[in-house]
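The values are calculated or read from the model by the stated rules, or taken from the named source; none is laboratory data. The shown structure was predicted, so the numbers you read here are calculated from the model rather than taken from an experiment. All Cβ positions, even for glycine, are placed from backbone atoms using ideal geometry, and neighbour counts span all protein chains on display. The area values use the complete protein model at the heavy-atom level, side chains included, leaving out ligands, DNA and RNA. Shrake-Rupley method; radii C 1.70, N 1.55, O 1.52, S 1.80 Å.
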Amino acid sequence: MRTSEDETDQDIYHDACFAAGMCCLKLASEGGEINRERLAIELMRLLGALIEKREECPSSLIFAIEQLRGELDEEAG
């Protein structure tokens, strides 16, 4: 059973990396500055659009936003 949980965690991580990478490519193609704060903002916009249009709240986007904003690090410390 632990194996399926690991796969789910890996899927969330993969999807979070994919979304962050796509946002970076979009910002780069527009000549925008890429930094943690800007990337987190873009991912929050994407999350808001998904919630509004599809009523979805992907855990991978929440994970990516938390990682970029350092929210998990602050709780641990």
With more than 18 Å from residue 11 (Cβ to Cβ), free of Cβ contacts under 8 Å to residues at least 12 places away in the same chain and surrounded by fewer than 18 Cβ atoms within 10 Å (Cβ to Cβ) as the only criterion, which of 71, 66 stands out? 71
What residue, among those in region 7-36 that are closer than 13 Å to residue 68 by Cβ and free of Cβ contacts under 8 Å to residues at least 12 places away in the same chain, is least open to solvent (accessible area, probe 1.4 Å)? 21
